[in-house]
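Student: Pasting a structure here, questions to come.
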Amino acid sequence: MNWDRIEGQWKQRRGKAAHHWGKVMNDELAAISGKYEELVGMLQEKFGIAKEDARVEIEEFKTRINNLKKSNAHLMKLQKASNKRIKKSSGRSAKARTRSRRIAI
């Protein structure tokens with residue numbers, strides 16, 4: 001995921017960023033609007049780290065976002081498959097009940 005996409009979705013990502021970097025407030029993250037260099041500078045200031053270390057932190061954050069996104073997509077796929085199986089099995093039992101009623105009458 002490139003930074004342009006993160007910047008475009010910054011409102012959604014901001015909460016995860018605030019959770020990830022506890023010292024950074026949500027309103028501070030809102031003020032930078034996902035601008036990469038501003039985020040680097042803020043991390044340097046808040047944590048007293050070098051510019052390169054701040055960039056490494058951001059890369060790790062991007063990796064976590066990507067992993068969460070993939071994990072969520074996988075879970076959604078599993079949930080859909082499970083719902084389909086449940087729907088099929090409940091549909092079969094309804095047919096079986098109807099068939100057994102017809103036979104009994």
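No lab work stands behind these numbers, since they all come straight from the coordinates. Values in this document were obtained by computation on a predicted structure and should not be read as measured data.
Student: Residue by residue through segment 40-47, what is 3J(HN,Hα) from phi via Karplus (6.51 cos²θ - 1.76 cosθ + 1.60, θ = phi - 60°)? Round to whole Hz and write x for glycine and proline.
Tutor: Computed from phi, the couplings for segment 40-47 are 4, x, 5, 5, 4, 5, 5, 9 Hz.
Student: So what J values fall out for segment 52-69 if you push phi through Karplus, 6.51 cos²θ - 1.76 cosθ + 1.60 with θ = phi - 60°, rounded to Hz, Gly and Pro as x?
Tutor: Working through the residues one at a time gives 5, 5, 5, 5, 5, 4, 5, 4, 5, 5, 4, 4, 4, 4, 4, 5, 5, 4 Hz.
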